[in-house]
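To start, the structure itself, in structure tokens.
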């Protein structure tokens with residue numbers, strides 16, 4: 001049990017530090033970004049929030065876990081939403097029967113728009129979930 005806790009603690013520290021490092025690099029060189037800075041910071045926030053969520057596993061704090069899961073869902077929706085609905089041309093590679101092809105426009109936007117359903121569903125499930133009572 002102690003080994004599992006130390007593994008989750010290490011995993012949480014790695015994710016949290018990666019998120020902080022990622023945000024620091026964005027701050028140092030915003031000129032290298034090909035997306036708005038808030039999207040890049042949201043990406044860094046996904047890693048930081050994931051690390052914090054790993055820390056809460058052993059604390060048995062369901063309220064804090066719910067808050068961090070909702071934060072993660074929001075950050076993921078921001079990223080997917082910007083790709084799906086943001087300004088500018090979107091180009092992506094798509095794998096089909098004939099191999100990889102370059103696509104643009106709706107072929108790139110629709111999957112990310114539909115992908116927003118995953119964090120929205122996750123957030124809905126977290127809000128609806130009730131912890132079992134101690135008497136049960």
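The values are calculated or read from the model by the stated rules, or taken from the named source; none is laboratory data. Not measured: the values here are computed from a predicted model. Ideal geometry is used to build each Cβ from the backbone, glycine not excepted, and the neighbour counts take in all protein chains shown.
The table that follows gives values for the structure above.
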quantity: Residue list for the stretch 60-79, filter: touching a helix residue (DSSP H, G or I) at 6+ places or on another chain (Cβ under 6 Å), farther than 11 Å from residue 126 by Cβ and surrounded by fewer than 18 Cβ atoms within 10 Å (Cβ to Cβ); calculated: 64
quantity: Of all residues making up the stretch 17-37, the number that are without any contact (Cβ under 8 Å) to a residue 24 or more places away in the chain and part of a helix (DSSP H, G or I); calculated: 10
quantity: Options 84, 42; residue that is modelled with pLDDT of 90 or more, assigned to a helix (DSSP H, G or I) and surrounded by 12 or more Cβ atoms within 10 Å (Cβ to Cβ); calculated: 42
quantity: Top-ranked residue of the stretch 107-116 - restricted to ones that are assigned to a helix (DSSP H, G or I) and touching a helix residue (DSSP H, G or I) at 6+ places or on another chain (Cβ under 9 Å), ranked as farthest from residue 71 (Cα to Cα); calculated: 108
quantity: Only listed residue being more than 14 Å from the chain's Cα centre (by Cα), on the phi < 0 side of the Ramachandran plot and not in a helix (DSSP H, G or I), chosen from 94, 14; calculated: 94
quantity: Flag if residue 47 is in contact (Cβ under 8 Å) with a residue 24 or more places away in the chain and either in a helix (DSSP H, G or I) or within 30 Å of residue 5 (Cα to Cα) (or both); calculated: yes
quantity: Test: residue 73 is under 14 Å from the mean Cα position of the chain (by Cα), farther than 20 Å from residue 117 by Cα and in contact (Cβ under 8 Å) with a residue 12 or more places away in the chain; calculated: no
